[in-house]
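The values are calculated or read from the model by the stated rules, or taken from the named source; none is laboratory data. Keep in mind that what you see is a predicted model, and the values were worked out from it rather than measured. Heads up, the Cβs are rebuilt from the backbone with ideal geometry, glycines too, and the neighbour counts pull from every protein chain shown. Just the protein is used for accessible areas: all its heavy atoms, side chains included, with ligands, DNA and RNA removed. Shrake-Rupley method; radii C 1.70, N 1.55, O 1.52, S 1.80 Å.
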Amino acid sequence: GLKKWVEVGNSGVFRPELLLPMGLPENVSVIAWGLSLERPTMIKYGINNIRELVGHRVNLQMVYDSPMCRLDV
């Protein structure tokens, strides 16, 4: 009904600089894929901005203060 292509399933390969901080060697390839249910949900409910679907911006101070989350590792 949209008269255009819409990406529903997506995939890709992680870039090496994202893997190095995790302790993975440079010669390792990591792929990722997902169903991406946000897009069809946005279409169904007429939402144009994904931030309206997933909520407000994340409070980074809460992330820094949380003992369950370590950003300095």
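Data for the structure
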quantity	calculated
Residues of the stretch 23-36 satisfying the condition of being within 29 Å of Leu53 (Cβ to Cβ) and either among the charged types (D, E, K, R) or surrounded by 10 or more Cβ atoms within 10 Å (Cβ to Cβ) (or both)	Val30, Gly34, Leu35, Ser36
Failed item in (1) at pLDDT below 75; (2) part of a loop (DSSP other than H, G, I, E, B); (3) open to solvent by 80 Å² or more (accessible area, probe 1.4 Å), with Met62 passing the rest	(2)
Any pair with Cβ under 8 angstrom, 6 or more apart, that starts in the stretch 30-44 at a residue that is without any contact (Cβ under 8 Å) to a residue 24 or more places away in the chain and ends at one that is surrounded by 13 or more Cβ atoms within 10 Å (Cβ to Cβ) and outside any loop (DSSP other than H, G, I, E, B)	Val30/Leu19; Glu38/Leu53; Thr41/Leu53; Met42/Leu53
Flag for Glu7 being at pLDDT below 85 and open to solvent by 100 Å² or more (accessible area, probe 1.4 Å)	no
Members of the stretch 1-22 found to be of a type in the set (D, E, K, R) and under 23 Å from Val54 (Cα atoms), listed by number	Glu7
